[in-house]
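Take a look at the structure below.
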Amino acid sequence: MKPDYLTWFKNQLLELHSREDIISLVSSSVDEPWTVFNRQMSNHFGKDLMQRLSEPNPWGLSKLKELISSQYGINAQNIILTQGATNAIFLICQCLLCCGDEVLVEAPCYEPLWKTPELVGARVTFVSRREPDYSFNLKEIAQKVSEKTHLLILTNLHNPTGSFLSVENLRKILEVVRSKNKETKIMVDEVYLDFLDDRSEPAVLLDNGFITISSLTKVYGFNILRCGWIAAEEEILRKIRYDQVFVDGIGSKYLEALSTIVMENLAEYRNLSGNIVSKNRQVLAEMMTPLLKNGKIYGILPDEGCLYFPKIPEIKNTDALVDYLEKEHKVCVAPGRFFGKQNHIRIGFGGSHNKLREGLKRFREGLDIFLERM
């Protein structure tokens, strides 16, 4: 049996740790900003950090929730801290869904967004994001929402394409959903939304029908901090808190304290990641445009985010291509089957500028040879 995405990704991390010759374009976040992080930790290490650690955190450090509140305009009472966005997805599904409930999930999508509802016994139906811009057909949403639909799951920016849903888009989707079922909630994963220079307000602020989740992982590169959060109305949070006690116990006060330092300096980290992906997007365009012109790949180059999800028109399933690229050309990309599109691949471009260029060069060379041998 083929592994799920997260299992595959974890195994890739182990493989890459022992193989310096392989360039990975799999990561869906910017690289960890060690230089800036070490400087800021040095500035705060000692008395200041101990002061932050002196506060009890049975429901998460209050200071961290206050900083998230200040940054995004969400009432601190409407925020629950989670151990990353993956933990947030599980808690929402575990608390809001029962066996037999119906869930709508965008497609293509990040695999845990549909695997997790299935894990708790829900029935998943997909709602298409249509190529080339990966927008929604509101009529399709209306047709698929039923009296049993408890949750609609979206990402913004879209994983894996980087497509953006405006406030107007979200309001229209909510209006359509409510016309069919007033009880259906819409969970919006906003872990990539801070890539926008002028980001829109969190979906949860538009209406209590929305649930927002986010983290410091993707835009800011802080997977090590496991800092995520859920923002929702109190009735939903009350259900989540009850289950969270048994699932998570209590969060790490140390990681939460370090996260407060990051949150206080978020503008610097945002500028850093913005510069990285802006330069890398130019490299992506330079290296991929020839393939687009000759029809070897298909897909609009992203204006935002750090992900690209091109179709390989001549291939029905990219698994063999991905294996070939890794073995023969020492470059890793993610196969499209993890996102519900077997003839696509996902490329992450949030890492080193030079490694991205070399990795895309290897990808182009490998794709040309692979297609010639077909």
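Data overview
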item: Among (1) exposed (fewer than 15 other Cβ atoms within 10 Å of the Cβ); (2) within 21 Å of Glu235 (Cβ to Cβ) - the single one Asp198 does not satisfy; result: (2)
item: All positions within segment 27-45 that are in contact (Cβ under 8 Å) with a residue 40 or more places away in the chain and either of a type in the set (Ser, Thr, Tyr) or over 18 Å from Phe222 (Cβ atoms) (or both); result: Ser27, Ser28, Ser29
item: Unmet criterion (only one of (1) within 22 Å of the chain's Cα centre (by Cα); (2) under 30 Å from Cys95 (Cα atoms)) for Phe246; result: (1)
item: Residue within segment 52-61 that is part of a loop (DSSP other than H, G, I, E, B), at pLDDT below 95 and in contact with a Leu (Cβ under 7 Å, 6 or more places away or on another chain) present; result: yes
item: Matching residues in segment 185-213 - criterion: being in contact with a strand residue (DSSP E or B) (Cβ under 6 Å, 6 or more places away or on another chain) and touching a residue at least 40 places away in the same chain (Cβ under 8 Å); result: Lys185, Met187, Asp189, Val191, Pro202, Ala203, Val204, Phe210, Ile211, Thr212, Ile213
item: Filtered residue count, segment 4-49, keeping only those that are over 24 Å from Val191 (Cα atoms), outside any helix (DSSP H, G or I) and assigned by TED's automatic domain parsing to the domain that holds Arg281; result: 6
item: Qualifying positions in segment 289-309 - out of contact with any helix residue (DSSP H, G or I) (no Cβ under 7 Å at 6 or more places or on another chain) and in a helix (DSSP H, G or I); result: Thr289, Pro290, Leu292, Lys293
item: Failed criterion for Met288 (all others in (1) touching a His at 6+ places or on another chain (Cβ under 6 Å); (2) surrounded by 20 or more Cβ atoms within 10 Å (Cβ to Cβ) hold); result: (1)
item: Filter result for Lys327 (in contact (Cβ under 8 Å) with a residue 60 or more places away in the chain, on the phi < 0 side of the Ramachandran plot and either part of a loop (DSSP other than H, G, I, E, B) or loosely packed, with under 15 Cβ neighbours inside 10 Å (or both)); result: no
item: Evaluation of Ile236 against (1) in the same structural domain as Gly60 (by TED's automatic domain parsing); (2) over 30 Å from Cys98 (Cβ atoms); (3) β-branched (Val, Ile, Thr) (one fails), failing number; result: (2)
item: Within segment 124-147, tally of residues that are touching a residue at least 40 places away in the same chain (Cβ under 8 Å), farther than 13 Å from Arg178 by Cα, loosely packed, with under 14 Cβ neighbours inside 10 Å and touching a strand residue (DSSP E or B) at 6+ places or on another chain (Cβ under 9 Å); result: 1
item: One residue from Ile80, Ile74, Ile23, Ile68 being touching a Lys or Arg at 6+ places or on another chain (Cβ under 7 Å) and over 30 Å from Gly336 (Cα atoms); result: Ile80
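Conditions tested, residue by residue: (1) at pLDDT 95 or above; (2) under 16 Å from the mean Cα position of the chain (by Cα); (3) of a type in the set (Phe, Trp, Tyr).
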site	(1), (2), (3)
Phe126	yes, no, yes
Lys172	yes, no, no
Met187	yes, yes, no
Asp198	no, no, no
Gly221	yes, yes, no
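Results for (1) modelled with pLDDT of 95 or more; (2) assigned to a loop (DSSP other than H, G, I, E, B); (3) surrounded by 14 or more Cβ atoms within 10 Å (Cβ to Cβ), shown as yes or no for each residue.
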{"residue": "Arg337", "(1), (2), (3)": "yes, no, yes"}
{"residue": "Lys341", "(1), (2), (3)": "yes, yes, yes"}
{"residue": "Ile345", "(1), (2), (3)": "yes, no, yes"}
{"residue": "Gly351", "(1), (2), (3)": "yes, yes, yes"}
{"residue": "Glu365", "(1), (2), (3)": "yes, no, yes"}
{"residue": "Glu372", "(1), (2), (3)": "yes, no, no"}
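The values are calculated or read from the model by the stated rules, or taken from the named source; none is laboratory data. Just so you know, these numbers come straight off a predicted model, no measurement behind them. Here Cβ is always computed from backbone atoms with ideal geometry, including for glycine, and neighbour counts include all displayed protein chains.
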